[in-house]
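J.: Encoded as structure tokens, here's the structure I'll be asking about.
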Amino acid sequence: MTVSATQASNSLLQQLITTAIHHPFVAAISILTLICVLTRTITGFRYWSAVSSNKSSSGTTRNVPLIPYWIPWLGQAVQFALNANPFLAKMTKSLGPEGSAYGIYMGGLKANIVTSPSLARQVLFDRHAPIQMESFIFYVMKNVWGDEGTMRAIDPAMLWGPIHAALNGMMRESFVTKAIVKTVEEVQRSTWNLVSGCRSVVDQSAWERAGSVQIISGSDSSGSKPFIAEANLHLLLRDFVGDIATNVLFGHEFIENNPNLLSDLWTMDAKFNKFLAGLPSWWPGMGAAYQARERLLSAVKEHHDALIKYLNGEDPGSQYSDLSDVSTVIVDRLQAFKASGTTPRGWSTGNGTILWAMNVNANQVIFWLIWYAFSDRTLLSELRTEIAPYVRFVQAPDNGLPIKDAPKLEIDIDSLWTKCPLLKGAFYETMRLEAASASFKMISEDFVVTESEEDAKILGKKAPESYILAKGELLCIPHGVHQNDERYFRDPERFDPRRFWAKPDHATNAITKEESKLPISTSADPEAEVKVEYGTMKVWGGGKNMCKGKTFAEREVILFSAAIIMQWDMIPVGNDNKWVHPGRKIAAGAYNPERDVKVRLWRRDAW
């Protein structure tokens, strides 16, 4: 008997239904697998069709091709959320010339990834480019800071007017000069006591307790043995810098009244990406982070309540009897927030972000710069020779008492910034390797960006290409991908403090110059003036959305690093006393070390 095709089809369908009923788990897996395979096939065909079409029509404006993905709607969101920079770096390299601009799909939204320096410059520095960050800022304030919608509720004229203008004050010379002077004073006085020599945890400073300082030899009062201590270098430096920087911005009483402030800040920051993803407080590991955030915001509110009374001529209370050293940026921001009519939650979250932002980058970069400097004894010697004229050791005058006053440093910060190209180059190189930041924008209207001829040549293209960035899509510039691109930075994994050196007659920030395309790694003529420039690296962002604390942070890194390099000596504990890179842990700002870096350190009494 012959079975018709229709009967065979019906029979197969009945078997599939019966199998699905009896084995629902297997059926679900099979259906999901089929959906993923179909999604990958369709998106793969669409991508290669777009690329082939673009290649056949050279010179025309092209759409940014969307990379194939497996999971509908979700796309590459998981890979991006878990390890954005390595994921995008691998993707960019695998695409070759097509890696200058491509799209990934995340949660129903296309994100345009731009890695070509010339394309990035047009986006970052063209003030007329139809891009905005407002929606992303509101999202961060809601999910990360729990602002309860207060930021979005503020009149836009106030939010992007006086409130935002107060933040721009961090870039003004008046603020930077005053803040740097105060920071220099603190560093001159405190660097000697980075490790005080106190054996009792009770008598140690907050940063010593954070760094688990232990005294190996010497004592609080006896000078019969050389003073040697052991500490966790990252945590020691992170909180040392954080203590002084927070003092400069919020005044000395803020951190004195909240000794666990920085600990709460790091607890919160460790879960930044999970906050960003919207994970609730009951999610495993998130409870402590939510509690830390609320304690931090409560501290800011208490400080600001007292500051408002102080500004109004009222008694701020015994805890905040001296608020005269609070920076103008915080004062101006608070007054602008108050004038906007927002709630205390609004100004607490608004200025809490400033406290966070000023600590998550510079503190980590200083640790990494110190790590690189001490891991190369030749470089360390060269740095000390260069820095010595501008960081002087000053012994305290004899006070006639058994307990002598501590020595201090005298630091010429202007000369450190303008006359120490090796130190400055080491700073830039540290940023390149350890600060893999990214710029995010929302596209308000369709607009076109075009590559430079130099970028097209470096990327192996016959001619520059133009791309349409479409309205309603996300734009991401992963600076860390470019900073480790071997086509722009030779031997990118190697630490080269002279990579950003340029002679004055060739120095430029424009990407059209040869010096900007390739790193300069040769030793410069010591008699020739040397300039150190970022070139194609835009680690601070750019344009109207450039990091507002850039100028202060640059001097801050140079200042702390120079002081520690000159005042202290150290060797690693373990690994046969060799400096082994501790690995990188993704953070909201610069990388954190993946493993502790334990060191044995001692003071240098003079030089």
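Read-outs: derived from the displayed coordinates by stated rules, not from any lab. The structure presented is a predicted model; accordingly, all values stated were derived computationally and were not measured. Quick reminder, even Gly has a Cβ in these numbers, built from the backbone with ideal geometry, and neighbours come from all protein chains shown.
J.: Considering only the other residues whose Cβ falls under 15 Å of the Cβ of residue 273, what net charge follows from Lys and Arg at +1 and Asp and Glu at -1?
T.: So the environment of residue 273 carries a net charge of +4.
J.: Would you please give the residues with an amide H less than 5 Å from that of residue 131, counting only those at least 5 places away or on a separate chain, with H modeled from the backbone geometry?
T.: The list, which skips near neighbours in sequence, is 444.
J.: Enumerate the amide H contacts of residue 199 below 5 Å, restricted to partners 5 or more residues apart or on another chain; note that Pro and chain-start residues carry no placed amide H.
T.: So residue 199 has HN proximity to 220.
J.: In degrees, nearest 10, range 0 to 90: what is the angle between the Cα axis of helix 377-387 and the longest Cα principal axis of the chain?
T.: Between the helix axis and the principal axis of the chain, the angle is about 60 degrees.
J.: Continuing with the same structure: Please arrange 26, 144 by how many other C-beta atoms lie within 10 Å of their C-beta, fewest to most.
T.: Ascending Cβ contact count within 10 Å gives the list 26, 144.
J.: Let me ask something additional. How about the stretch 259-367: which GluC sites (Glu not before Pro) there lie in a loop by DSSP and see at most 11 other Cβ atoms within 10 Å?
T.: Filter output for the stretch 259-367: 314.
J.: Follow-up question, since we're still on this one. How would 182, 585 line up from fewest to most surrounding beta-carbon atoms within 10 angstrom?
T.: 585, 182
J.: Shifting gears a bit: Work out, in µm²/s and without decimals, the Stokes-Einstein translational diffusion coefficient of the stretch 329-436 at 25 °C, 0.890 mPa s, Rh from Kirkwood over C-alpha pairs.
T.: 139 µm²/s
J.: OK, next. Report the semi-axes of the equivalent ellipsoid for the stretch 140-201 in whole Å, largest first, where each axis is √(5λ) for an eigenvalue λ of the Cα gyration tensor.
T.: Result for the stretch 140-201: semi-axes of 37, 21, 6 Å.
J.: From the helices alone, meaning DSSP H stretches of at least four residues, give me the mean residue ellipticity at 222 nm for the chain, per-run term -39500 (n - 2.57), in deg cm²/dmol to the nearest 500.
T.: -15000 deg cm²/dmol
J.: Let me ask something additional. Taking the alpha-carbon centroid of each part, what is the distance from the stretch 424-479 to the stretch 108-182 in angstrom?
T.: 18 Å
J.: On each of the three principal axes of the Cα atoms of the stretch 210-324, give max minus min coordinate, whole Å, ordered largest first.
T.: For the stretch 210-324, the Cα extents along the three principal axes come out at 53, 45, 18 Å.
J.: Report ³J(HN,Hα) in whole Hz for each residue of the stretch 316-332, in order, from the Karplus equation J = 6.51 cos²θ - 1.76 cosθ + 1.60 where θ = phi - 60°; Gly and Pro get x.
T.: 3J(HN,Hα) across the stretch 316-332, in whole Hz: x, x, 5, 5, 10, 7, 9, 10, 5, 9, 5, 5, 5, 4, 5, 4, 5.
J.: Which value does Rg/Rh take for the stretch 77-195 over its C-alpha atoms, Rh per Kirkwood?
T.: Rg divided by Rh gives 1.09.
J.: If amide hydrogens are placed 1.01 Å from N in the peptide plane, which non-local residues have theirs closer than 5 Å to the one on residue 473?
T.: 443
J.: Just to be sure I understand: if I project the alpha-carbon convex hull of the stretch 139-255 onto a plane and average over all orientations, what area do I get in nm²?
T.: 10.2 nm²
J.: Can you pull the Kirkwood radius for the chain, inverse mean 1/r over Cα pairs, to one decimal in Å?
T.: 27.0 Å
J.: According to the Cα gyration tensor, what semi-axes, each the square root of 5 times an eigenvalue, does the equivalent ellipsoid of the stretch 439-485 have, listed from largest to smallest in whole Å?
T.: Each semi-axis is √(5λ); the values are 22, 16, 6 Å.
J.: Rg (Å, one decimal) plus Dmax (Å, integer) for the alpha carbons of the stretch 244-309?
T.: 13.3, 40
J.: Moving on to the next point. What translational diffusion coefficient, in µm²/s and rounded to a whole number, does the Stokes-Einstein relation yield for the stretch 178-238 at 10 °C and a viscosity of 1.306 mPa s, taking the hydrodynamic radius as the Kirkwood radius over Cα pairs?
T.: Value of D from the Cα-based Kirkwood radius: 128 µm²/s.
J.: Short version: what are the Cα gyration tensor semi-axes of the stretch 41-109, square root of 5 times each eigenvalue, largest first, in whole Å?
T.: In descending order, the three semi-axes are 22, 15, 9 Å.
J.: Among 136, 25, what is the fewest-to-most ranking by other Cβ atoms within 10 Å?
T.: Least to most surrounded, the residues fall as 25, 136.
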